[in-house]
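Have a look at the structure below before the remarks.
The values are calculated or read from the model by the stated rules, or taken from the named source; none is laboratory data. Keep in mind the model is a prediction, meaning the values are calculated, not measured. Cβ atoms come from the backbone with ideal geometry, glycine included; neighbour counts cover every protein chain shown. Quick note on the areas: whole protein, heavy atoms, side chains included, nothing else; ligands and nucleic acids left out. Shrake-Rupley method; radii C 1.70, N 1.55, O 1.52, S 1.80 Å.
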Amino acid sequence: MMIVMQEGATDEQIAHVVARIEEVGASAHVSVGERVTVIGAIGDREELAGVPLEACPGVDRVVAVLKPYKLVGREFHPDDTVVEVRGKRLGGGHFGMIAGPCSVETEEQVMAAARTVAAAGGTMLRGGAFKPRSSPYAFQGLGVDGLKILAEARDETGLPIVTELMDPRDLDDLLAVADVVQIGARNMQNFQLLSEVGRCDAPVLLKRGLAATIEEWLMAAEYIVKEGNRRVILCERGIRTFETATRNTLDVSAVPVVRLVSHLPVIVDPSHATGRPDLVLPLSLAAVAAGADGVLVETHPNPEHALCDGPQSLAPEAFAEFAERVTELVRWTGKVLS
Ligand code: PEP
Ligand code: MN
(Lines give C-alpha, C1' and ligand atoms only; values in the text may rest on other atoms or scores of the structure.)
(Ligands and ions follow the chains in the order given, each with its own letter.)
Protein backbone atom coordinates (compact mmCIF):
# COMPACT_ATOMS: atom_id res chain seq x y z
CA MET A 1 0.00 0.00 0.00
CA MET A 2 1.01 3.61 -0.45
CA ILE A 3 0.76 6.12 2.35
CA VAL A 4 0.47 9.68 1.06
CA MET A 5 1.57 12.19 3.68
CA GLN A 6 -0.02 15.63 4.02
CA GLU A 7 1.84 18.61 2.57
CA GLY A 8 4.14 19.85 5.30
CA ALA A 9 4.23 16.56 7.22
CA THR A 10 7.17 16.68 9.62
CA ASP A 11 10.16 14.34 9.66
CA GLU A 12 8.92 12.99 13.01
CA GLN A 13 5.52 12.16 11.51
CA ILE A 14 7.17 10.37 8.57
CA ALA A 15 9.47 8.47 10.90
CA HIS A 16 6.49 7.49 13.06
CA VAL A 17 4.63 6.02 10.06
CA VAL A 18 7.77 4.12 9.02
CA ALA A 19 8.07 2.75 12.55
CA ARG A 20 4.42 1.59 12.59
CA ILE A 21 4.94 -0.22 9.26
CA GLU A 22 8.13 -1.89 10.46
CA GLU A 23 6.48 -2.93 13.75
CA VAL A 24 4.43 -5.52 11.85
CA GLY A 25 7.43 -6.87 9.95
CA ALA A 26 6.75 -4.93 6.71
CA SER A 27 9.25 -2.68 4.99
CA ALA A 28 8.80 1.01 4.26
CA HIS A 29 10.17 2.87 1.24
CA VAL A 30 10.08 6.62 1.58
CA SER A 31 10.04 8.86 -1.48
CA VAL A 32 10.31 12.53 -0.76
CA GLY A 33 8.66 14.69 -3.40
CA GLU A 34 8.82 18.42 -3.88
CA ARG A 35 5.55 18.88 -2.01
CA VAL A 36 4.49 15.56 -0.54
CA THR A 37 6.18 12.45 0.75
CA VAL A 38 4.84 9.03 -0.20
CA ILE A 39 5.70 5.90 1.76
CA GLY A 40 5.38 2.51 0.07
CA ALA A 41 4.66 -0.34 2.51
CA ILE A 42 5.52 -3.87 1.43
CA GLY A 43 4.64 -6.84 3.57
CA ASP A 44 1.87 -9.15 4.72
CA ARG A 45 -1.33 -7.46 3.66
CA GLU A 46 -3.42 -8.70 6.59
CA GLU A 47 -0.83 -7.48 9.11
CA LEU A 48 -0.67 -4.11 7.36
CA ALA A 49 -4.45 -3.86 7.16
CA GLY A 50 -4.52 -4.19 10.95
CA VAL A 51 -2.56 -0.95 11.36
CA PRO A 52 -4.86 2.10 11.02
CA LEU A 53 -2.25 4.25 9.31
CA GLU A 54 -4.90 6.81 8.29
CA ALA A 55 -5.09 7.69 11.96
CA CYS A 56 -1.39 8.60 12.25
CA PRO A 57 -0.64 12.32 12.44
CA GLY A 58 0.45 13.79 9.12
CA VAL A 59 -1.14 11.06 6.93
CA ASP A 60 -3.36 12.35 4.13
CA ARG A 61 -4.57 9.03 2.70
CA VAL A 62 -3.73 5.37 2.29
CA VAL A 63 -4.03 3.86 -1.18
CA ALA A 64 -4.32 0.10 -1.66
CA VAL A 65 -2.19 -1.27 -4.50
CA LEU A 66 -3.45 -4.86 -4.42
CA LYS A 67 -7.08 -5.94 -4.56
CA PRO A 68 -8.55 -6.70 -1.13
CA TYR A 69 -9.40 -10.28 -2.12
CA LYS A 70 -6.86 -12.86 -3.14
CA LEU A 71 -8.23 -16.44 -3.27
CA VAL A 72 -11.01 -15.49 -5.70
CA GLY A 73 -8.75 -13.22 -7.77
CA ARG A 74 -7.27 -14.13 -11.13
CA GLU A 75 -3.83 -13.06 -9.96
CA PHE A 76 -3.93 -15.96 -7.52
CA HIS A 77 -5.52 -18.45 -9.92
CA PRO A 78 -5.25 -17.44 -13.60
CA ASP A 79 -7.32 -20.29 -15.06
CA ASP A 80 -11.12 -20.32 -14.99
CA THR A 81 -12.58 -22.42 -12.19
CA VAL A 82 -14.90 -25.12 -13.52
CA VAL A 83 -17.55 -26.14 -11.01
CA GLU A 84 -18.62 -29.72 -11.51
CA VAL A 85 -21.69 -31.24 -9.93
CA ARG A 86 -23.26 -34.61 -10.78
CA GLY A 87 -21.58 -34.61 -14.17
CA LYS A 88 -22.74 -31.07 -15.03
CA ARG A 89 -20.15 -28.34 -15.46
CA LEU A 90 -20.18 -24.61 -15.20
CA GLY A 91 -17.30 -22.25 -16.09
CA GLY A 92 -14.27 -22.56 -18.37
CA GLY A 93 -16.38 -22.83 -21.53
CA HIS A 94 -19.21 -24.84 -19.93
CA PHE A 95 -22.53 -23.05 -19.79
CA GLY A 96 -25.20 -23.86 -17.22
CA MET A 97 -28.92 -23.34 -17.66
CA ILE A 98 -30.41 -23.40 -14.18
CA ALA A 99 -34.18 -23.12 -13.98
CA GLY A 100 -37.22 -23.94 -11.93
CA PRO A 101 -39.98 -22.39 -9.87
CA CYS A 102 -39.23 -19.67 -7.34
CA SER A 103 -40.57 -21.85 -4.55
CA VAL A 104 -41.50 -25.46 -4.02
CA GLU A 105 -45.28 -25.51 -3.62
CA THR A 106 -46.54 -29.03 -4.36
CA GLU A 107 -45.17 -32.27 -5.71
CA GLU A 108 -47.16 -31.88 -8.95
CA GLN A 109 -45.91 -28.33 -9.47
CA VAL A 110 -42.25 -29.24 -8.96
CA MET A 111 -42.43 -32.40 -11.07
CA ALA A 112 -44.07 -30.48 -13.91
CA ALA A 113 -41.44 -27.74 -13.74
CA ALA A 114 -38.63 -30.31 -13.56
CA ARG A 115 -39.92 -32.06 -16.68
CA THR A 116 -40.15 -28.74 -18.51
CA VAL A 117 -36.57 -27.87 -17.57
CA ALA A 118 -35.21 -31.32 -18.48
CA ALA A 119 -37.08 -31.49 -21.79
CA ALA A 120 -35.77 -28.09 -22.85
CA GLY A 121 -32.16 -29.04 -22.10
CA GLY A 122 -31.79 -27.24 -18.77
CA THR A 123 -28.79 -28.40 -16.77
CA MET A 124 -29.95 -27.92 -13.16
CA LEU A 125 -33.25 -27.58 -11.32
CA ARG A 126 -33.70 -24.74 -8.90
CA GLY A 127 -36.49 -24.26 -6.40
CA GLY A 128 -36.69 -22.74 -2.94
CA ALA A 129 -37.86 -24.65 0.11
CA PHE A 130 -36.78 -21.85 2.48
CA LYS A 131 -37.84 -18.53 1.00
CA PRO A 132 -36.54 -15.08 1.94
CA ARG A 133 -39.71 -12.96 1.69
CA SER A 134 -39.92 -9.22 2.24
CA SER A 135 -43.19 -9.67 4.12
CA PRO A 136 -43.45 -12.00 7.12
CA TYR A 137 -47.04 -12.72 6.00
CA ALA A 138 -46.03 -13.99 2.55
CA PHE A 139 -45.56 -17.73 1.82
CA GLN A 140 -42.30 -18.72 3.49
CA GLY A 141 -41.74 -22.05 1.71
CA LEU A 142 -42.40 -25.63 2.71
CA GLY A 143 -39.08 -26.11 4.50
CA VAL A 144 -37.91 -29.69 4.93
CA ASP A 145 -41.06 -31.05 3.20
CA GLY A 146 -40.08 -28.99 0.17
CA LEU A 147 -36.62 -30.54 0.14
CA LYS A 148 -38.18 -34.00 -0.10
CA ILE A 149 -40.10 -32.94 -3.19
CA LEU A 150 -36.90 -31.63 -4.77
CA ALA A 151 -35.21 -34.96 -4.09
CA GLU A 152 -38.02 -36.75 -5.95
CA ALA A 153 -37.60 -34.41 -8.91
CA ARG A 154 -33.89 -35.15 -9.02
CA ASP A 155 -34.52 -38.88 -8.84
CA GLU A 156 -36.83 -38.70 -11.84
CA THR A 157 -34.97 -36.24 -14.06
CA GLY A 158 -31.36 -36.62 -12.89
CA LEU A 159 -31.07 -32.83 -12.73
CA PRO A 160 -28.85 -31.55 -9.91
CA ILE A 161 -30.75 -29.48 -7.34
CA VAL A 162 -29.99 -25.86 -6.47
CA THR A 163 -31.80 -24.56 -3.39
CA GLU A 164 -31.40 -21.69 -0.96
CA LEU A 165 -30.05 -21.83 2.59
CA MET A 166 -31.03 -19.01 4.92
CA ASP A 167 -30.27 -20.47 8.34
CA PRO A 168 -27.14 -22.51 9.15
CA ARG A 169 -29.31 -24.71 11.41
CA ASP A 170 -30.92 -26.10 8.22
CA LEU A 171 -27.61 -26.92 6.56
CA ASP A 172 -27.58 -30.67 7.26
CA ASP A 173 -31.17 -31.16 6.08
CA LEU A 174 -30.43 -29.08 3.02
CA LEU A 175 -27.23 -30.91 2.16
CA ALA A 176 -29.06 -34.23 2.23
CA VAL A 177 -30.78 -33.03 -0.96
CA ALA A 178 -29.02 -29.98 -2.41
CA ASP A 179 -26.29 -30.39 -4.97
CA VAL A 180 -25.66 -26.63 -4.98
CA VAL A 181 -26.39 -24.36 -2.02
CA GLN A 182 -27.78 -20.96 -2.98
CA ILE A 183 -27.03 -17.93 -0.81
CA GLY A 184 -29.59 -15.28 -1.64
CA ALA A 185 -29.01 -11.60 -2.31
CA ARG A 186 -30.22 -10.62 1.16
CA ASN A 187 -27.67 -12.87 2.82
CA MET A 188 -24.68 -11.96 0.68
CA GLN A 189 -23.05 -10.29 3.66
CA ASN A 190 -24.22 -12.74 6.31
CA PHE A 191 -20.63 -13.58 7.09
CA GLN A 192 -21.30 -16.42 9.49
CA LEU A 193 -23.53 -18.10 6.94
CA LEU A 194 -20.83 -17.63 4.29
CA SER A 195 -18.17 -19.20 6.51
CA GLU A 196 -20.52 -22.07 7.31
CA VAL A 197 -21.08 -22.95 3.65
CA GLY A 198 -17.36 -22.41 3.11
CA ARG A 199 -16.81 -25.45 5.33
CA CYS A 200 -19.28 -27.68 3.46
CA ASP A 201 -18.63 -29.95 0.55
CA ALA A 202 -21.20 -28.64 -1.93
CA PRO A 203 -20.79 -25.86 -4.49
CA VAL A 204 -22.26 -22.50 -3.47
CA LEU A 205 -24.23 -20.20 -5.75
CA LEU A 206 -23.65 -16.73 -4.33
CA LYS A 207 -26.05 -14.04 -5.45
CA ARG A 208 -24.94 -10.43 -5.57
CA GLY A 209 -26.48 -8.30 -2.81
CA LEU A 210 -29.19 -5.79 -3.69
CA ALA A 211 -26.83 -2.88 -3.16
CA ALA A 212 -23.44 -4.53 -3.21
CA THR A 213 -20.47 -3.39 -5.24
CA ILE A 214 -18.63 -5.99 -7.28
CA GLU A 215 -15.75 -5.76 -4.81
CA GLU A 216 -18.06 -6.45 -1.83
CA TRP A 217 -19.54 -9.41 -3.71
CA LEU A 218 -16.08 -10.82 -4.38
CA MET A 219 -15.13 -10.29 -0.73
CA ALA A 220 -18.22 -12.30 0.22
CA ALA A 221 -17.01 -15.09 -2.09
CA GLU A 222 -13.59 -14.81 -0.44
CA TYR A 223 -15.24 -15.68 2.92
CA ILE A 224 -16.44 -18.97 1.40
CA VAL A 225 -13.21 -19.88 -0.39
CA LYS A 226 -11.12 -18.94 2.65
CA GLU A 227 -12.80 -21.77 4.57
CA GLY A 228 -11.72 -24.27 1.93
CA ASN A 229 -14.69 -24.42 -0.43
CA ARG A 230 -13.41 -23.34 -3.85
CA ARG A 231 -16.59 -24.26 -5.72
CA VAL A 232 -18.33 -20.88 -5.82
CA ILE A 233 -20.62 -19.70 -8.63
CA LEU A 234 -21.30 -15.96 -8.67
CA CYS A 235 -24.78 -14.82 -9.74
CA GLU A 236 -25.63 -11.28 -10.88
CA ARG A 237 -29.34 -10.77 -10.10
CA GLY A 238 -29.81 -7.05 -10.55
CA ILE A 239 -29.07 -4.18 -8.20
CA ARG A 240 -31.17 -1.36 -6.77
CA THR A 241 -31.07 1.83 -8.81
CA PHE A 242 -33.43 4.78 -9.35
CA GLU A 243 -35.03 2.98 -12.32
CA THR A 244 -38.55 1.69 -11.72
CA ALA A 245 -39.36 0.10 -15.11
CA THR A 246 -37.79 -3.13 -13.88
CA ARG A 247 -37.78 -4.71 -10.43
CA ASN A 248 -34.01 -4.20 -10.20
CA THR A 249 -31.42 -3.13 -12.77
CA LEU A 250 -29.42 -5.92 -14.37
CA ASP A 251 -25.75 -4.98 -14.28
CA VAL A 252 -24.59 -6.78 -17.41
CA SER A 253 -21.23 -5.08 -17.11
CA ALA A 254 -20.63 -7.08 -13.92
CA VAL A 255 -20.10 -10.17 -16.10
CA PRO A 256 -17.00 -9.04 -18.02
CA VAL A 257 -15.73 -7.12 -15.00
CA VAL A 258 -15.91 -10.23 -12.79
CA ARG A 259 -14.39 -12.41 -15.51
CA LEU A 260 -11.43 -10.05 -15.74
CA VAL A 261 -10.64 -9.98 -12.04
CA SER A 262 -11.85 -13.40 -10.84
CA HIS A 263 -11.53 -17.02 -11.96
CA LEU A 264 -14.93 -17.98 -10.53
CA PRO A 265 -17.82 -18.71 -12.92
CA VAL A 266 -20.39 -15.93 -13.14
CA ILE A 267 -24.02 -16.42 -14.15
CA VAL A 268 -26.96 -14.06 -14.61
CA ASP A 269 -30.47 -14.20 -13.17
CA PRO A 270 -32.64 -12.02 -15.42
CA SER A 271 -35.87 -13.11 -13.65
CA HIS A 272 -35.10 -11.38 -10.36
CA ALA A 273 -33.20 -8.60 -12.13
CA THR A 274 -36.24 -7.50 -14.12
CA GLY A 275 -39.34 -9.02 -12.52
CA ARG A 276 -40.76 -9.26 -16.05
CA PRO A 277 -41.05 -12.40 -18.19
CA ASP A 278 -40.76 -10.45 -21.45
CA LEU A 279 -37.28 -9.26 -20.55
CA VAL A 280 -35.90 -12.64 -19.52
CA LEU A 281 -34.93 -13.72 -23.04
CA PRO A 282 -33.31 -10.48 -24.27
CA LEU A 283 -31.30 -10.08 -21.09
CA SER A 284 -30.26 -13.73 -21.09
CA LEU A 285 -28.98 -13.26 -24.63
CA ALA A 286 -27.15 -10.13 -23.48
CA ALA A 287 -25.64 -12.14 -20.62
CA VAL A 288 -24.43 -14.87 -22.97
CA ALA A 289 -22.95 -12.26 -25.30
CA ALA A 290 -21.22 -10.58 -22.34
CA GLY A 291 -19.51 -13.85 -21.48
CA ALA A 292 -21.69 -15.29 -18.70
CA ASP A 293 -21.12 -18.91 -17.73
CA GLY A 294 -24.81 -19.57 -17.25
CA VAL A 295 -28.28 -18.23 -16.57
CA LEU A 296 -30.72 -18.80 -13.73
CA VAL A 297 -34.34 -18.42 -14.74
CA GLU A 298 -37.70 -18.93 -13.06
CA THR A 299 -40.29 -21.13 -14.75
CA HIS A 300 -43.61 -22.31 -13.33
CA PRO A 301 -46.21 -24.69 -14.79
CA ASN A 302 -48.87 -22.08 -14.09
CA PRO A 303 -47.37 -18.65 -13.33
CA GLU A 304 -50.79 -17.16 -12.66
CA HIS A 305 -51.19 -19.42 -9.63
CA ALA A 306 -47.62 -19.28 -8.35
CA LEU A 307 -47.25 -18.59 -4.62
CA CYS A 308 -44.08 -16.59 -5.24
CA ASP A 309 -42.69 -14.61 -8.19
CA GLY A 310 -45.40 -15.72 -10.65
CA PRO A 311 -45.30 -12.45 -12.61
CA GLN A 312 -41.68 -12.99 -13.65
CA SER A 313 -41.88 -16.75 -14.25
CA LEU A 314 -41.88 -18.22 -17.74
CA ALA A 315 -44.75 -20.56 -18.59
CA PRO A 316 -43.67 -23.98 -20.00
CA GLU A 317 -44.02 -23.07 -23.71
CA ALA A 318 -42.21 -19.77 -23.19
CA PHE A 319 -39.44 -21.60 -21.35
CA ALA A 320 -38.99 -24.08 -24.19
CA GLU A 321 -38.63 -21.26 -26.68
CA PHE A 322 -36.33 -19.38 -24.32
CA ALA A 323 -34.07 -22.43 -23.92
CA GLU A 324 -33.85 -22.93 -27.68
CA ARG A 325 -32.81 -19.34 -28.34
CA VAL A 326 -30.29 -19.25 -25.52
CA THR A 327 -28.80 -22.61 -26.54
CA GLU A 328 -28.34 -21.31 -30.10
CA LEU A 329 -26.39 -18.29 -28.92
CA VAL A 330 -24.35 -20.32 -26.42
CA ARG A 331 -23.21 -22.58 -29.29
CA TRP A 332 -22.42 -19.57 -31.41
CA THR A 333 -20.09 -18.25 -28.69
CA GLY A 334 -18.23 -21.57 -28.72
CA LYS A 335 -19.34 -22.65 -25.26
CA VAL A 336 -21.09 -25.92 -24.52
CA LEU A 337 -24.34 -26.25 -22.68
CA SER A 338 -23.36 -28.83 -20.17
C1 PEP B 1 -34.72 -16.38 -5.48
O2 PEP B 1 -33.74 -16.83 -6.09
O3 PEP B 1 -35.85 -16.88 -5.54
C4 PEP B 1 -34.52 -15.13 -4.71
C5 PEP B 1 -35.27 -14.79 -3.68
O6 PEP B 1 -33.52 -14.40 -5.23
P7 PEP B 1 -32.70 -13.15 -4.68
O8 PEP B 1 -31.97 -13.63 -3.46
O9 PEP B 1 -31.80 -12.83 -5.83
O10 PEP B 1 -33.68 -12.06 -4.41
MN1 MN C 1 -37.90 -15.92 -6.91
Self-check item: Glu324-His16 FRET efficiency (beta carbon distance; Förster radius 56 Å; 0.05 resolution)
Solution: 0.25
Exercise. May I ask for the angle, rounded to the nearest 10°, between helix 214-226 and the longest principal axis of the chain, with both axes built from Cα atoms and the value confined to 0 to 90°?
Key: 80
Exercise. With a cut-off of at most 13 other beta carbons within 10 Å, and DSSP calling the residue loop, which GluC sites (Glu not before Pro) in the stretch 46-78 qualify? Please list them.
Key: Glu75
Quiz prompt | Under Karplus coefficients 6.51, -1.76 and 1.60, residue-wise ³J(HN,Hα) of the stretch 284-300 in Hz, glycine/proline x | solution = 5, 4, 4, 5, 4, 4, 7, x, 4, 8, x, 10, 10, 10, 8, 9, 9
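At most 12 other Cβ atoms within 10 Å and a DSSP loop assignment: could you name the chymotrypsin sites (Phe, Trp or Tyr not before Pro) in the stretch 201-267 that fit?
Values: sites: Trp217, Tyr223, Phe242; in loops: Phe242.
When the chymotrypsin sites (Phe, Trp or Tyr not before Pro) of the stretch 201-267 are filtered for loop state and at most 12 Cβ neighbours within 10 Å, Phe242 remain.
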Quiz item: Mind checking the dipole of the chain: about its Cα centre, +1 per Lys or Arg Cβ, -1 per Asp or Glu Cβ, Debye to the nearest 20?
Solution: 500
Quiz prompt | lysines with Cα under 19 Å of Lys70, excluding same-chain neighbours fewer than 8 positions away | solution = Lys226
Quiz item: Using the Karplus equation 6.51 cos²θ - 1.76 cosθ + 1.60 (θ = phi - 60°), what ³J(HN,Hα) coupling, rounded to whole Hz, does each residue of the stretch 69-85 give in order, writing x for Gly and Pro?
Solution: 9, 10, 4, 8, x, 5, 4, 7, 8, x, 7, 4, 7, 10, 8, 10, 8
Self-check item: Extended-chain gain in nm, criterion 0.36 nm per residue less alpha-carbon gap, Gln189 and Glu108
Solution: 25.7 nm
Practice problem: Lys and Arg at +1, Asp and Glu at -1: add these up for the other residues within a Cβ distance under 10 Å of Leu66 and post the number. | Solution: +2
Self-check item: Degrees, to the nearest 10: 11-23 long Cα axis against longest axis of the chain
Solution: 50
Quiz item: Name the trypsin sites (Lys or Arg not before Pro) in the stretch 190-221 that are in a loop by DSSP and that have at most 15 other C-beta atoms within 10 Å, would you?
Solution: Arg199
Quiz item: Antiparallel as a % of all DSSP beta bridges within the stretch 189-314, to the nearest 5?
Solution: 10
Self-check item: Heavy atoms of Phe191 accessible to a 1.4 Å probe, total area in Å² rounded to 10
Solution: 80
Self-check item: For the stretch 112-120, Karplus couplings with θ = phi - 60° (6.51, -1.76, 1.60), whole Hz, Gly/Pro x
Solution: 5, 5, 4, 5, 4, 5, 5, 5, 8
Quiz item: For Glu108, what charge total do you get from the other residues with a beta carbon under 15 Å from its beta carbon, if Lys and Arg give +1 and Asp and Glu give -1?
Solution: -3
Practice problem: Show Lys226, Lys88, Lys131 ordered by accessible area, largest first, where the area counts protein heavy atoms only and the probe is 1.4 Å. | Solution: Lys226, Lys88, Lys131
Exercise. Place +1 on the Cβ of every Lys and Arg and -1 on the Cβ of every Asp and Glu in the chain, take the dipole about the Cα centre, and give the residue among Phe76, Val144, Leu285 whose Cα lies farthest towards its positive end.
Key: Leu285
Self-check item: Contour excess over end-to-end distance, with Cα ends at Glu7 and Glu84 and 0.36 nm allotted per residue
Solution: 22.3 nm
Quiz item: In degrees, nearest 10, range 0 to 90: what is the angle between the Cα axis of helix 316-332 and the longest Cα principal axis of the chain?
Solution: 50
Exercise. Place +1 on the Cβ of every Lys and Arg and -1 on the Cβ of every Asp and Glu in the stretch 56-211, take the dipole about the Cα centre, and give the residue among Val63, Thr123, Val85 whose Cα lies farthest towards its positive end.
Key: Val63
Exercise. For Leu142, enumerate residues with amide H under 5 Å from its amide H, sequence gap 5+ or separate chain, H modeled in the peptide plane.
Key: Val104
Quiz prompt | For the stretch 166-251, accessible area per residue (1.4 Å probe, heavy atoms of protein chains only), Å² | solution = 44
